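Computed from the coordinates by the stated procedures, all read-outs in this text should not be read as laboratory data. Bear in mind that the values here come from a model prediction, so they are computed numbers and not experimental data. We place every Cβ from the backbone using ideal geometry, glycine too, and count neighbours over all the protein chains shown.
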Amino acid sequence: MHINWKKIFTVSFGVIIGVYLLLAVTAFNHPIERDMTCSDVQVTVERNATGGFLTPADVSRMLTEQQINPVGQRLSDVNLRTIEERLEAQELIERAEAYKTQSGNVKINISERVPVMHVMAKGEDYYVDRNGKVLTNTGFVCNLVVATGNITHDYATRVLAPIGRIIMDDDFWRNQIEQVNVLPDSTVEMVPRVGGHTIYIGRPIGVTKKLERLRKFYRYGLSQAGWNKYSRISVEFNNQIVCKKKK
């Protein structure tokens, strides 16, 4: 029987290299934590167009209040999943990612819930985020479009949240629109920062197309006629803009 020593050596060498690489990767990703103590927590909060609510200091305070601040603990005892779950249970946090570093720190990356409109109606004061979730007024200051008028929670989450996304995702409208008012018949008007007029949207459907038509009118109409010529500009109906002159 002929023994192929070359083949055996090649296979054995490959196995040894594979085991070595596995152990090396494992050792790199899981440092010896038994005698290491967490010396610091470094928090990063992703910024968004609204400026957001939270600061790293706010998140650090949440860690302390939830009794999950890992500073002073042995790294081997720090449960990253618990930290993530407790933080994600907070109203203003959409996602939390925590990991340990080789130097003995814990780093946490935070993604906020992004508010797109501030609702102040019927004696209530709250925010709605991009996904239509209601956020209570936490006392944090955020520069957002204010919604007033005949607004229920259902209307805010179903109708105002999409309108808020349209406004906040466009640099021009984010700087131009300061208020959205819902009339008793559930139609919508907007109040711009520049120009002494109101913008009547009508039923809140096809808002993107209506605003695009208004943008062109701003560019080619009001730039010639003057921003303060009209008291009301209606883009309710397709393919037309109806303006009411100031008296």
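Find how much the distance from GLU97 to ASN131 grows on full extension, using 0.36 nm per residue of separation minus their present alpha carbon separation; answer in nm with one decimal.
Roughly 10.2 nm would be gained on extension.
Find the all-direction average of the projected area of the Cα convex hull for the stretch 88-247, expressing the result in square nanometres with one decimal place. Working shown, then result.
On the way: hull surface 49.0 nm².
Reported value for the Cα convex hull: 12.3 nm².
Roughly how many Å is it from the Cα centre of the stretch 199-235 to that of the stretch 109-170, as a whole number?
23 Å
For the stretch 66-165, would you read off the P(r) tail past 17 Å as a percentage of all alpha carbon pairs?
Of all Cα-Cα pairs in the stretch 66-165, 58 percent lie more than 17 Å apart.
Rounded to the nearest 0.05, what FRET efficiency is calculated for ALA225 and LYS247 with R0 set to 22 Å and r the Cβ-Cβ distance?
For ALA225 and LYS247, the calculated efficiency is 0.85.
Please quote Rg/Rh for the stretch 153-241 to two decimal places, taking the Kirkwood radius as Rh and restricting both calculations to Cα atoms. Working shown, then result.
Values: Rg = 12.6 Å, Rh = 13.3 Å.
Result: Rg/Rh = 0.94.
In nm, to one decimal, how far is the modelled label at PHE237 from the one at VAL146, with both set 7 Å along Cα→Cβ?
3.4 nm
Give me the Debye-computed log₁₀ of I(q)/I(0) at q = 0.13, 0.17, 0.20 Å⁻¹ for the stretch 195-247, equal point scatterers on Cα only, no solvent, two decimals.
-0.27, -0.47, -0.65
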